[in-house]
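Shown next, in structure tokens, is the structure this report addresses.
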Amino acid sequence: MHTTNEPSAPIRYSAELEDVDWSGLKAALASDHFDNGRSPDQLRRSFENSQGACLAYYGQEIVGTGRILSDGVCNAYLVDVWTHSTFRRQEIAREMVRRLSAQLLGQHVYLQVDEESSEIYRRLGFREQPVGMSRVVGKWLVNEVTAEVED
């Protein structure tokens, strides 16, 4: 893994997902404390089922991710925005968000961030919303219907 804040090779951005090493990406996310428990296959399905994705590469190594979920009309959600900690402060996330947002003209774009990251997104034009809520239906990351879903 690259360890300085100055890349020795240019960062390359791609929306292509077919050649992604999902197990390698899962390992990179886990080693950088950005893993939410998805298996490599669930990670792949998450990205493939999104309206858009952006991957940042340093050589052949993925060092940044982001994806969007959208109804294509008025609402979109920016998720899985990650830059490997050794590549932060190089505007990689800014470029990924710019590329993804270009697909969302006229839409309200929402994202959830922790306090530590909130200033980064303020600089990108995001504003805090007063209330956000979430709910897991069934059991986290269990997507097959095996019993009735409770309200």
_Run the numbers for Phe34 and Val137: contour at 0.36 nm per residue of separation, minus the present Cα-Cα distance, in nm._
34.9 nm
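Efficiency by 1/(1 + (r/R0)^6): what FRET value for Arg123 and Tyr57, r their Cβ-Cβ distance, R0 = 25 Å, to the nearest 0.05? Mind dumping the intermediate values first?
Numbers: r = 24 Å, r/R0 = 0.96.
For R0 = 25 Å, the calculated efficiency reads 0.55.
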*If we restrict to alpha carbons, what Rg and Dmax does the range 11-123 come to, in Å?*
13.4, 37
*Under 5 Å, built H, 5+ apart or other chain: amide partners of His84*: Gly64
*Which net charge results when you count Lys and Arg as +1 and Asp and Glu as -1 among the other residues whose beta-carbon is under 12 Å from that of Gln51?*
-1
*Please give the contour-minus-distance gain from Leu69 to Leu105: 0.36 nm per residue of separation, less the Cα-Cα distance, rounded to one decimal in nm.*
11.6 nm
_Approximate spin-label separation Ala15-Ser85, in nm, with each point projected 7 Å along Cα-to-Cβ_ = 3.2 nm
*Using only alpha carbon pairs under 8 Å that are at least six residues apart, calculate the relative contact order of the range 1-137 and give it in whole percent.*
23 percent
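Each reported figure results from applying straightforward, stated rules to the coordinates on display, with no laboratory input. Just so you know, these numbers come straight off a predicted model, no measurement behind them. Cβ atoms come from the backbone with ideal geometry, glycine included; neighbour counts cover every protein chain shown.
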